[in-house]
There are 2 protein chains.
Amino acid sequence: MKRKDTAIVLASGGLDSCVTVAIANEEYELALLHINYGQRTESRELLAFHEIAAYYNIPGERILIANIDYFRKIGGSSLTDLKIPVQDAETDSKGVPTTYVPFRNTLFLSVAVSWAEVIGAGKVFIGAVAQDSPGYPDCKPLYYEVFNKLIVAGTKPETRVVVETPLIFKTKAEIVTLGFSLKAPLHLSWSCYKNTEKACGVCNSCYLRLKAFKDSGHKDPVKYE
Amino acid sequence: MKRKDTAIVLASGGLDSCVTVAIANEEYELALLHINYGQRTESRELLAFHEIAAYYNIPGERILIANIDYFRKIGGSSLTDLKIPVQDAETDSKGVPTTYVPFRNTLFLSVAVSWAEVIGAGKVFIGAVAQDSPGYPDCKPLYYEVFNKLIVAGTKPETRVVVETPLIFKTKAEIVTLGFSLKAPLHLSWSCYKNTEKACGVCNSCYLRLKAFKDSGHKDPVKYE
């Protein structure tokens, strides 16, 4: 039997990446990458990540936790700068929200592609969502098209790594439905930007998650305040 | 008098980035970025970086040291994996050398662009050299063309950041000559991949540096074994 190819999945511990792991698991040997960039709920997200990795029986050599300190140093986002408050949903429906972390996905993908070159993975999966993302410039399809060109230009000639964004054109409700159909461990995922024990239910991330479960006709298994 | 625009310069502490700092200093307010990615001579490079920053009187708020741990974890390069020996010059004249760190410059530029978005810098300078680089795929002009497209696609609409590679078509000898003419502090720069006190003179980086000084008719002010 031919051994499956390896796919690296960027997994924050959130809903979208949890479903992305389930999608990649259908066809590939999984390698999971979590990036600690000093986000305010990192300890909770990391717990969710490890629980999701355990659910899929990922061995230690196919788990990478990358620690990055500079977003905390440079600030500019409410996710990493504790002086900037996290906005509630719909108070900032226009423009780029305060939770935008400048050029963050380029960092994420650069780590993933470096690891892919070393372990010979042919795919990098990221759970970016264009439609429901509140104005993040690095969640748009064009960004990923250009990034795939960058991989060709910037890696060894024999390297073949392609970034896949299976959720990019889906609504959050479709993502929840897909997650249930693939038996993704949605009960282990964590989305809240504010809290670490019970989800707040009011930050933009909770708002979008709750709406997604409601629209898809499912109950969110995570506990709220 | 109009305030100068800010340029972020990626500064390892090496020869090429030292001259790149001198070039950016002609037109821009400098902000210097150093990335510690676990390279084997990091402590010596960081010393060189701080000495170069002091030479140009850069204040603390325009200095960023980013600490990145994952290259050590993933290995794959003799610069970050202490089990892989650093090759001497010309023993590996074909293909990508062992000192290649997979997709490293994408990490460097992603950090720089993130910081540029926060501080409003319009330029990111990197001392990449295509001609004399020993086969590194991310030192080629096409890579930077694509990266500049990625910035447009992946940052806020109002962000205008452009990556500049003033050395990319120069020979190492031309870089040394330019460094002397701009009074770059070449005596503070550090290039050796192997040692941290006196340069080894035989690793590929020392070999290229010594040849560059010789070809340009200058004496290298750095001490060798």
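For B:Lys183, the distances from its label point to the matching points in the remaining copies are 7.2 nm, ordered from shortest, with each point set 7 Å beyond Cα toward Cβ.
Using C-alpha pairs under 8 Å with a sequence gap of at least 6, the mean separation divided by the residue count of the stretch A:112-225 gives a relative contact order of 24 percent. Shielding by partners for peptide B:149-162, expressed as the average number of C-beta atoms from other protein chains within 10 Å of each residue's C-beta, is 6.
Peptide B:60-70 has a mean shielding of 4, counted as Cβ atoms of other protein chains within 10 Å of each residue's Cβ. The relative contact order of chain A, computed from alpha carbon pairs under 8 Å that lie at least 6 residues apart in sequence, is 25 percent.
For the stretch B:113-160, report the translational diffusion coefficient in µm²/s to the nearest whole number, using Stokes-Einstein at 4 °C, 1.567 mPa s, and a Kirkwood Rh over Cα pairs.
Details: Rh = 12.1 Å.
Taking Rh from Cα pairs, D becomes 107 µm²/s.
Normalised by 2.2 N^0.38 Å, where N is the number of residues, the C-alpha radius of gyration of the stretch A:155-225 stands at 1.39. Rg/Rh for the stretch A:73-225 (Cα atoms only, Rh after Kirkwood) is 0.99. For the stretch B:148-181, the residues whose amide N sits under 13 Å from a probe point set 7 Å from the Cα of B:Glu27 along the beta carbon direction are B:162-167.
Looking at the protein assembly as shown, send over the antiparallel percent of its DSSP beta bridges, to the nearest 5.
Working: 3 of 37 bridges.
Around 10 percent antiparallel, to the nearest 5.
Given a Förster distance of 22 angstrom, what is the FRET efficiency for B:Lys183 paired with B:Asp5, based on the Cβ-Cβ distance and rounded to 0.05? That pair, B:Lys183 with B:Asp5, gives E of 0.50. Size of the protein assembly as shown: Rg and Dmax of its alpha carbons, in Å, are 22.7, 76.
When A:Glu158 is represented by a point 7 angstrom out along its Cα-to-C-beta vector, the spacings to that point in the other copies are 4.9 nm, nearest first. Copy-to-copy label distances for B:Arg3, where each label lies 7 Å from Cα along Cα-to-Cβ, are 5.7 nm in order of increasing length. The distance from the alpha carbon centre of the stretch A:21-40 to that of the stretch A:68-82 is 22 Å, rounded to a whole number. Over chain A, what is the percentage of antiparallel beta bridges among all DSSP beta bridges, to the nearest 5? DSSP beta bridges in chain A are roughly 5 percent antiparallel.
Peptide A:76-85 has a mean of 1 when you count, residue by residue, the C-beta atoms of other protein chains within 10 Å of its C-beta. Across the stretch A:57-63, rounded Karplus estimates of 3J(HN,Hα) from the backbone phi angles (6.51 cos²θ - 1.76 cosθ + 1.60, θ = phi - 60°) give 6, 7, x, x, 6, 10, 10 Hz, Gly and Pro being marked x. Once you reduce the stretch A:177-225 and the stretch B:140-170 to the center of their Cα atoms, the two points are 38 Å from each other. Our coupling estimate for the stretch B:38-46, obtained by passing each phi through the Karplus curve with A = 6.51, B = -1.76, C = 1.60 and θ = phi - 60°, is x, 5, 5, 9, 4, 4, 6, 5, 5 Hz, Gly and Pro reported as x.
Rounded to the nearest 500, the helix-only mean residue ellipticity at 222 nm of chain A stands at -11500 deg cm²/dmol, with each DSSP H run of n ≥ 4 adding -39,500 (n - 2.57). Potential lengthening of the chain between A:Phe169 and A:Lys211 amounts to 13.4 nm, from the contour at 0.36 nm per residue minus the alpha-carbon distance.
Per-residue 3J(HN,Hα) values for the stretch B:107-120, derived from phi via the Karplus relation 6.51 cos²θ - 1.76 cosθ + 1.60 with θ = phi - 60°, read 4, 4, 5, 5, 4, 4, 5, 4, 5, 4, 4, 6, 8, x Hz in sequence order (x marks Gly and Pro).
We did not get these values from a lab; they are worked out from the coordinates using the rules stated. None of these values were measured; they are calculated from a predicted model. A quick note on method: Cβ atoms are made from the backbone with ideal geometry, for glycine too, and the neighbour counts reach across all protein chains shown.
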